[in-house]
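Okay, structure first, notes after.
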Amino acid sequence: GLLPPSQLVPEVVIEYLSEDTTAQQQLASGEAQFAEGAYPTYDTPQALSLIKQGIISSASVSQLSTFAFYFNMDVNITGAQDYVKQTNIPAGFFANLDVRKAISYAFNYTYWIDVANTNSGITFAENLTGIIPRGMPEYLSNLSAQYPEVMNLTLAKYYWSISGYAGTGTYYFPVFNSEGNPTVDEMYSVLASNLATISNGQLQITTIDISFGQLVSFTSVGPGQ
């Protein structure tokens with residue numbers, strides 16, 4: 001049973017586009033009244049310019065959308081070498097807790113939020129520490145401040161030193177990002193620098209952009225695994 005037609009909006013036409021710029025042009029010209037995803041973080045200045053000119057309007061709405069960077073604990077080395085020929089980590093490299101701690105503490109969360117995900121004074125992300133995001137109604141404000149994940153290169157270096165891999169050669173492996181997501185590419189370049197620092201050059205990562213579908217398949221786990 002469909003709802004009766006709206007008296008205010010007699011028809012809705014949805015067009016699926018492959019280019020951000022096309023959606024932006026249609027919105028600016030008035031051809032489109034709404035353009036979901038038309039302005040990624042790096043295009044914020046263009047959107048703000050149109051708002052200032054009165055061509056489009058804006059509304060600030062909080063959205064809970066949780067993203068994470070995953071470790072694959074059973075790497076298909078042959079598959080990884082299709083992307084980075086030098087890949088030479090053991091298949092269970094990330095099953096080592098100290099390796100994961102070293103890489104996690106080398107991740108610059110402040111840069112990720114305040115630089116990669118901030119544009120023109122607008123912050124598009126925040127660090128979720130714990131299970132309750134900031135701003136959720138009827139929860140104490142300090143609940144989301146528990147167990148903060150922070151960059152600590154001293155701890156990162158310590159965990160690498162006790163991982164069993166320190167001083168055993170140079171390790172190469174790919175890190176994957178979905179195509180059209182330059183903020184993650186930027187973040188991986190910062191992580192690459194930190195990993196090289198804490199491991200005395202032993203950890204060498206290469207960013208590979210793949211389709212979102214591929215990224216999902218690479219991080220999926222089959223039934224019973």
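The values are calculated or read from the model by the stated rules, or taken from the named source; none is laboratory data. If you're wondering where the values come from, they're calculated on a predicted model, not measured in any experiment. Here the Cβ positions follow ideal geometry from the backbone for every residue, glycine too, while neighbour counts run over all protein chains shown. SASA here: full protein model, heavy atoms, side chains in, ligands and nucleic acids out. Shrake-Rupley method; radii C 1.70, N 1.55, O 1.52, S 1.80 Å.
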Notebook entry, point to check: Inside the stretch 25-44, can you point out the residues that are within 21 Å of the chain's Cα centre (by Cα) and loosely packed, with under 11 Cβ neighbours inside 10 Å?
Noted result: 36, 37
Check: assigned to a loop (DSSP other than H, G, I, E, B) and at pLDDT below 95 - does that describe any residue in the stretch 197-207?
Finding: no
Next item on the list: Read through the list (1) open to solvent by less than 50 Å² (accessible area, probe 1.4 Å); (2) in contact (Cβ under 8 Å) with a residue 24 or more places away in the chain; (3) touching a helix residue (DSSP H, G or I) at 6+ places or on another chain (Cβ under 8 Å); (4) outside any loop (DSSP other than H, G, I, E, B), then give the number of the only condition that residue 111 fails.
Entry: (1)
Checklist line | Considering residues of the stretch 142-191 that are of a type in the set (A, V, I, L, M, F, W, C) and in a loop (DSSP other than H, G, I, E, B) only, the residue modelled with the lowest pLDDT | finding: 150
Check: Mind checking whether some residue in the stretch 72-82 is modelled with pLDDT under 90 and assigned to a helix (DSSP H, G or I)?
Finding: no
Item checked: Failed condition for residue 67, given (1) closer than 30 Å to residue 9 by Cα; (2) at pLDDT below 90; (3) not hydroxyl-bearing (Ser, Thr, Tyr) -> (1)
Note to self: Criterion first (modelled with pLDDT under 90, open to solvent by 70 Å² or more (accessible area, probe 1.4 Å) and on the phi > 0 side of the Ramachandran plot) does residue 139 satisfy it?
What the structure shows: no
Margin query: Looking at (1) open to solvent by less than 60 Å² (accessible area, probe 1.4 Å); (2) free of Cβ contacts under 8 Å to residues at least 12 places away in the same chain, which one does residue 188 not meet, given that it meets all the others?
Written below: (2)
Margin query: Given the criteria assigned to a loop (DSSP other than H, G, I, E, B) and not β-branched (Val, Ile, Thr), does residue 64 qualify?
Written below: yes
Note to self: Quick check on residue 17: is it part of a helix (DSSP H, G or I), open to solvent by less than 90 Å² (accessible area, probe 1.4 Å) and under 22 Å from residue 180 (Cβ atoms)?
What the structure shows: no
